[in-house]
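One structure below.
The numbers here are math on the coordinates, done by the rules we state, and not lab data. Worth saying up front: this structure is predicted, and the values here are computed from it rather than measured. A quick note on method: Cβ atoms are made from the backbone with ideal geometry, for glycine too, and the neighbour counts reach across all protein chains shown.
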Amino acid sequence: MTTTELDNRGLAGVVLGALVGLSLAVAGFIAGVGASGLAGETTSFWYLSRAAGLVAYALLWGSVVWGLLLSSKIGQAALRPPLTLDAHQFLSNVAIGFAAFHGLVLMGDRYLSFPLQAVLVPFAGSYKPVLVAAGQIGLWLSLLLSISFVLRRRIGQRRWRQLHMLGFVAYWAALLHSVLIGSDSHAPWLQAFYLATAGGVLFLTFYRILAFRQRATA
Ligand code: HEM
């Protein structure tokens, strides 16, 4: 690996740390203000949560697509493997930051009741528990995969790859959650966005399976 690549990786790590740290700090602060009742009656928390949810979905989608491009070896000549893997991790980590913000900030909303336990534990809340759980499962699985990057050497490449399949479960669970619970899901632009992004993931998944089979029989 060249020095420039090492520098870029270091820089990506710093930007990543800053972004995730900032998201979580802002989430903690806003959720704290809301949970303590200081903010009073306002819909700001709900709007903030919805916006962060959409950003989290887009980032999670980006991470899945990036991972599929990596494993299908599409655009390999133009993209350099160590950096592309970093970008995949980066997108996934920032998605986790936004998803955590999206859930935690709901603690401030006075209309929906979301104490900390209901945000963190699947099926623990009273508001649409199954649909909320799909989002929580998406978040927890994404976090598990992010941690697995660090433990990659310890658990071995084969097991790590098998574990990585959970990334698909995380994505489809998050999509199901977003489409079925979202207040904006009826809007044509958002439906087009969900259709286009899910279609892209389906296409690349089939491409990946076919490419893998072709390589195995060659
Ligand atoms: C990977 C994880 C997640 C993603 C990508 C995600 C994404 C989304 C998106 C896109 C929406 C729709 C926003 C709208 O159309 O208004 C949404 C709604 C919602 N999410 Fe999540 N979410 C995730 C995790 C969570 C978690 C952990 C919770 C925990 C409480 C949660 C609770 C909710 C609730 C209550 C709504 C409904 C808000 C409304 O009334 O529109 N989500 N989510």
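Once the mean 1/r over all distinct Cα pairs of region 174-218 is inverted, what Kirkwood radius in angstroms do you read off? Working shown, then result.
Values: mean 1/r = 0.0818 Å⁻¹.
After inverting the pairwise mean of 1/r, the radius is 12.2 Å.
Stretching residue 26 away from residue 85 to a fully extended chain increases their span by 18.5 nm, per 0.36 nm per residue minus the current alpha-carbon distance. Each residue, residue 207 and residue 189, gets one label point 7 Å from its Cα in the Cβ direction; the gap between the two is 2.7 nm. Take each peptide in 181-188, 132-139, count the other Cβ atoms within 10 Å of every residue, and average; sorted highest first, the result is 132-139, 181-188. Extension gain for the segment residue 44 to residue 130, taken as residue separation times 0.36 nm less the Cα-Cα distance, is 28.5 nm to one decimal.
Report the calculated FRET efficiency for residue 116 and residue 154 (r = Cβ-Cβ distance, R0 = 30 Å), to the nearest 0.05. Approximately 0.45, to the nearest 0.05.
For region 80-218, would you read off the P(r) tail past 19 Å as a percentage of all alpha carbon pairs?
For region 80-218, the share of Cα pairs beyond 19 Å comes to 61 percent.
Each peptide in 64-72, 191-199, 91-99 receives the mean, over its residues, of other Cβ atoms within 10 Å, and ordering these scores from highest gives 91-99, 64-72, 191-199. Can you list the residues of region 187-203 with backbone N under 18 Å from a point 7 Å past the Cα of residue 165, pointing along Cα to Cβ? Within reach of a label on residue 165: 202.
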